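The values are calculated or read from the model by the stated rules, or taken from the named source; none is laboratory data. Note that this is a predicted model, so its numbers are computed, not measured. Here Cβ is always computed from backbone atoms with ideal geometry, including for glycine, and neighbour counts include all displayed protein chains. Accessible surface areas use protein heavy atoms only, side chains included; no ligands, DNA or RNA. Shrake-Rupley method; radii C 1.70, N 1.55, O 1.52, S 1.80 Å.
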Amino acid sequence: MANPRQPSIGYSVSITPSHPDTTSPDPEKISILPPPLITPGAPRFPVPRFQQDQAPSPSLKTPNAPSPANGLKTGSPIPHLSTPPGPPVFTSPVRPAAVPFRASPATPQPVAFSPGSSLPTSSPLNFSNGSLELQHELSNVAEDDIASVGESPYVLFSAHKVLKQKKQANIPSLGFGALVSPGREISPAPQIIQRDPHRCHSCGAYANIYCNILLGSGQWQCVICRELNGSEGEYIAPSKEDLCNFPELSSPMVDYVQTGNNRPGFIPVADSRMSAPIVLVIDECLDEPHLWDLQSSLHAFVDSLPPTTRIGIILYGRTVSVYDFSEESIASADVLPGEKSPSQDSLKALIYGTGIYLSPMHASLPVAHAIFSSLRPYKLKIPEASRDRCLGTAVEVALAIVQGPSGEMSRGVIKRSGGNSRIIVCAGGPNTYGPGSVPHSFSHPNYPHMEKTALKWMEHLGHEAHRHNTVVDILCAGTCPVRVPILQPLAKASGGVFVLHDDFGEAFGVNLQRASTRAAGSRGFLAIRCSDDILITQVVGPGEEAHMDTHETFKNDTSLYIQMLSVEETQSFSLSLENKRDIMTEYVYFQFTIQYLNVYQADISRVITIRLPTVDSVSAYLASVQDEVTAVLIAKRTLLRAKNYSDAIDMRATIDERIKDIAMKFGSQAPKSKLYRFPKEVSLLPELLFHLRRGPLLGSIVGHEDERSVLRNLFLNASFDLSLRMVAPRCLMHREGGTFEELPAYDLAMQSDAAVVLDHGTDVYIWLGAELAADEGKSAAALAACRTLAEELTELRFPAPRILSFKEGSSQARYFVSRLIPAHKDPPYEQEARFPQLRTLTTEQRTKLKSSFLNFDEPSFCEWVRSLRVVPPEPS
């Protein structure tokens, strides 16, 4: 039972520590109540994978193995959830809550809570039933033979060990945390259990592979609170080997599901997917070139849909046109005014009328093509930004169409429609007419008030869509500014995405197809429990705090609950963790429970339990640190506070301070020098953070604030793979025979006789050297090979990146050059150490390469590190 209060705007949730991070100012704080219980679920559905990065770059160290499952827990100091990005002027609507609550994306506020709400702590080994003397009978199923299963592809920890000393562990410049991907699908999938789970009567944790079992009585000891629990005799066994027949006692990951006949309203797999429609909401105020591209993308889109997919088509301008599929030979539409929200009477007349507004593709494909072919360019001589567009009204009508005739009956009770319905908005300009709109001109005397009202209205509409299991994706294209801060809350609150494109061409068409086919679970909750020594200080990701009261069932439930807006492969939550005290135990435990309804209406409870060893040695801890995971966690914490360009400049300074602090706290001072040596165990981290500092997320590469805002929001919620590529690009050089060599992302790769592919997450660039480009045959073959590689690298990525190709010296080549580290300024011995491929070049080739560079003031990586009074780390 979730608390009636619906918090903040947007995708990101941030739990802020009660004490400030030395490297960053405090964001606002929102206190969190102890969480609730969520019932286990039903059949599982493999969500398609949208993010896949192939082999790791030699210049970037990949985690040795996928890390353990999400481990978040709230300790006695209650964590605080604050919502990240969003327009500075926006304030979320305040709703009744058990605790005074205020949230604004720009400046989260601290929340008052009574001391009595502090979370209980557990004693080290307290058997309340007097069975302490039976401790010798306890059998730990996960002993040495399977102890290595402490890692999970769903969770990546920044280190595979935990420091015991609180003072050392909580040094904020390096930090400790995890990336949790609740919707990720793996092969083989977790084992399915079709029965009720055994849960701790005290804290609500699930029985798992690391539990101690009393073989004679079947009692099991909770790894989180150490209490002893009964199993109704189920775990009684002659030996621990027999316990391995229970999936939850032999695997760190299991899916609990309910069988369909035990749950009313279960929809068979064959029918459920078909019942989740897609409604296209299309801007009709486009000029001719944009319209041609859009028509081409729309025709390809409907051709790609499965025959059972139901589709609806709505156009909006000054009015809303809802197309009727009952007319087979002509494009026919019912038209509603756009200046205000449609009345219940007009919606009833539409829904209960004779028109067919949602139709399966097998019956409506010719009609859909006829509708798209009938679209005409905007005829009035009005600038793009000043044209009337009633986007808000159009989405309201689309939502009513999706809900269908029973929509008004579901006001109090949410009906179980099949899967998440999806509304995809194709926009070419701002919402300037009707509800949720802003004036055409920023100079309008009432603009600030109207903008604030529009933001609240859009967020409310997004929550309404989410309440009805409908995701709103907004795909924008063209040169007209769309006023991103106004539209973003609609996509965020519904669990959808917001993507900007240069035009309505190839990348737009690919994203249109991938948006419609990606599977999204609904009604998702993430519950995080961890050992009492660990404190969760911050969470960033696509969710909102969830107040759930489970104390009637589990009196000491101190887990953290997060409501997920949707459950998708492309998302992740980043967790910041600290030690509450010095740790005395040999291990700490984390348990993540992901409960959601998948597209086939299966209630799933995925339970992931992780065990990490604790160590006294700092060097042993540093050796277990995963550079790439750590870099992504640092980047997400940093970007959370970079709300605008001015903030981004400030955040670059925090990156500098972080490098200096890590070198001072974990490194050593160089002999006869005032410089510090960076710890060799994390030698890749400075280069990754240098890419972050100068790349599109914090640097000056992205010019428009709208584009920066969209990138930031995408990054804060992105999966590990996409997040890593957005931080540090991957560079591959084309070789004879169509093969590719992976190189560090340095400008030394710009060799005139070569072709280079640079994957930077949301953009992929293909650069052709001037010498190669002069040979028409070779350049065509190299370009084709590079293009094929780029498409393979991003085949499952969502949003699909734009792929640009250009020649050396062209104006577009600046996109490529600006993302490479300017290593040409370094002395030859450093160049060869960091870019070994140079050794294969002849003296003539190296001279030609050196002469091709223009000198700028921007420092190289080595120059930047030395400026921080740190010795550049040795390349690994």
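Judged by the gyration tensor of its Cα atoms, with axes a ≥ b ≥ c, region 191-250 is oblate; a/c meets the 1.5 cut and b/c is at least as large as a/b.
Tally up the carbon and sulfur contribution to the accessible surface of region 637-871 as a whole percent, 1.4 Å probe, everything protein left in place. Each step should come with its number before you reach the end.
Numbers: 5090 of 9680 Å².
The computed percentage sits at 53.
Counting only protein heavy atoms and a 1.4 Å probe, region 191-250 has 36 square angstrom of accessible area per residue.
Rolling a 1.4 Å sphere over the protein heavy atoms, what is the accessible area per residue of region 637-871, to the nearest Å²? Before the final figure, lay out the partial values.
Values: 9680 Å² over 235 residues.
Accessible area per residue, region 637-871: 41 Å².
Tell me the relative contact order for region 637-871 as a rounded percent, counting alpha carbon contacts under 8 Å between residues six or more apart. Rounded, it is 19 percent for region 637-871. Of the three principal axes defined by the Cα atoms of region 733-876, the extents in descending order read 44, 39, 30 Å.
Would you mind telling me the share, in percent, of accessible area of region 191-250 contributed by carbon and sulfur at probe 1.4 angstrom? Please report the intermediate quantities before stating the final value.
Working: 1010 of 2160 Å².
Answer for region 191-250: carbon and sulfur cover 47 percent of the accessible area.
Cα centroid distance between region 748-772 and region 315-335, in Å? Measuring centre to centre over Cα atoms gives 46 Å.
Applying the Karplus relation 6.51 cos²θ - 1.76 cosθ + 1.60 with θ = phi - 60° to region 493-500 yields 3J(HN,Hα) values of 5, 8, x, x, 10, 10, 10, 9 Hz, where x marks Gly and Pro.
Cross-link reach is defined here as a Cα-Cα straight distance under 22 Å, omitting same-chain residues fewer than 8 places apart; for Lys555 the lysines meeting it are Lys73, Lys580.
Among rounded, prolate and oblate, which fits region 637-871 when a ≥ b ≥ c are the square roots of the eigenvalues of its C-alpha gyration tensor, a/c under 1.5 means rounded, and a/b larger than b/c means prolate?
Details: a/c = 1.97, a/b = 1.24, b/c = 1.59.
Oblate, because a/c is 1.5 or more while a/b does not exceed b/c.
Taken as Cα centroids, region 660-715 and region 228-251 sit 48 Å apart, rounded to the nearest whole angstrom.
Inter-label distance, Ser646 to Glu776: 5.5 nm, where each label sits 7 Å from its Cα along the C-beta direction. Ligands, DNA and RNA excluded, the heavy atoms of Arg514 present near 50 Å² of accessible surface to a 1.4 Å solvent probe.
Once the Cα-Cα distance is subtracted from the 0.36 nm per residue extended length, the Glu464 to Ser296 segment shows a gain of 57.3 nm.
In this model, which of Lys660/Lys848; Lys492/Lys643; Lys643/Lys674; Lys379/Lys492 are farther than 25 Å apart at the alpha-carbon?
Over 25 Å Cα-Cα: Lys660/Lys848; Lys643/Lys674; Lys379/Lys492.
With Cα atoms defining each centre, region 475-537 and region 379-400 are spaced 22 Å apart in the structure. Shown in residue order for region 208-224 are the 3J(HN,Hα) couplings computed by the Karplus curve 6.51 cos²θ - 1.76 cosθ + 1.60 at θ = phi - 60°: 8, 4, 9, 6, 7, 10, 7, 4, x, 10, x, 6, 10, 9, 5, 7, 8 Hz (x for Gly and Pro).
To the nearest 10, the accessible area of Met664 is 110 Å² with a 1.4 Å probe. For region 821-862, just say rounded, prolate or oblate: build the C-alpha gyration tensor, square-root its eigenvalues into a ≥ b ≥ c, call rounded for a/c under 1.5, and beyond that prolate if a/b exceeds b/c, oblate if not. Oblate, since a/c reaches 1.5 and b/c is not below a/b.
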